[in-house]
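Where a number appears in this text, it was derived from the coordinates with a stated rule and is not lab data. Bear in mind the structure is a predicted one, so any value in this text is a computation, not a measurement. Don't worry about glycine lacking a Cβ; one is built from the backbone with ideal geometry, like all the others, and counts go over all protein chains shown.
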Amino acid sequence: MLKIHHLGMSRSDRSIWLAEELGLKYELVNHTRNPKAFRAPQSLWDVSPMGKAPVIEDRGQTIPESGAIVEYLLDNYGEGRLRPERGTPAHIDYLHWMHAAESTLMLPVMIDMLSGMTAADSPGLTGFCDGEFKTVFTYMNQLLAARDYIAGEFSGADIMVAFPLMMAESPMFAPPGQDKGQAFIAYPSIQTYLNRLRARPAWVKAAAVFKAA
């Protein structure tokens, strides 16, 4: 059976959500962060050589990295679902957002999150993040005004993109005095998109798993 190693407040949310979308049976193994260092416990290091989540075990293999896990699960269990046909414009969009999620989009979100968590005051970093957010969110907002999902039909790319967007809107990561719960007030198509994702039955099931973990 597929085994998903889950670490709270990590990209392992993606693996659980995709497994629910595909209707897969899986064993969930929970790992608890060190409350002082916010790092993964030794139990996760015992599974993954870099001590990172997500990581899954399946068919005698250990697969780390959320993007790789999405592609692995779709290759082995997707049966043509949740990924556009190769050679189509939609597949190019899919590839774009699969990779942009962890590069173009995640970088400013991570910098902003760490600045908020550490109460760092760096005008340079703030200016960089604000500029990146405006560029990326403006483009995504325009794109999502014309389509329901990031690559047209719902796909693994939505699962990848949703995580950094949800991080960006989370009040938990807001710098002092800043309400990140209103991150997308100027980008209504992104907010509608996130509401649409959260209404998916598989997301509702996955969110219940996160909460119970």
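Distance between the pseudo-spin-label points of Asn195 and Asp121 (7 Å out from Cα toward the beta carbon): 3.8 nm. Applying a threshold of 26 Å to the alpha-carbon distances of Lys52/Lys134; Lys134/Lys211; Lys134/Lys205; Lys3/Lys52; Lys3/Lys36; Lys25/Lys52 flags Lys52/Lys134; Lys134/Lys211; Lys134/Lys205; Lys3/Lys36 as lying beyond it.
Taking the Cα centre of the chain as the origin and placing charges on Cβ (Lys, Arg +1; Asp, Glu -1), which of Ile4, His99, Ala212 is farthest toward the positive end of the dipole? Result: Ala212, furthest along the dipole toward the positive end. Relative intensity of the chain on a log10 scale, I(q)/I(0) at q = 0.16 Å⁻¹, equals -1.17, per a Debye sum over C-alpha point scatterers of equal strength in the absence of solvent.
Summarising the amide proton neighbourhood of Val29: residues at separation of 5 or more, or on other chains, whose placed amide H is nearer than 5 Å comprise Ile4, His5, His6. How would region 58-161 be classified by its alpha-carbon gyration tensor: rounded, prolate or oblate, with rounded meaning a/c under 1.5 and the a/b versus b/c comparison settling the rest? Judged from the Cα gyration tensor, region 58-161 comes out oblate (a/c at least 1.5, b/c at or above a/b).
Take 87-98, 103-114 and order them by the average number of nearby Cβ atoms within 10 Å per residue, most first; the result is 103-114, 87-98.
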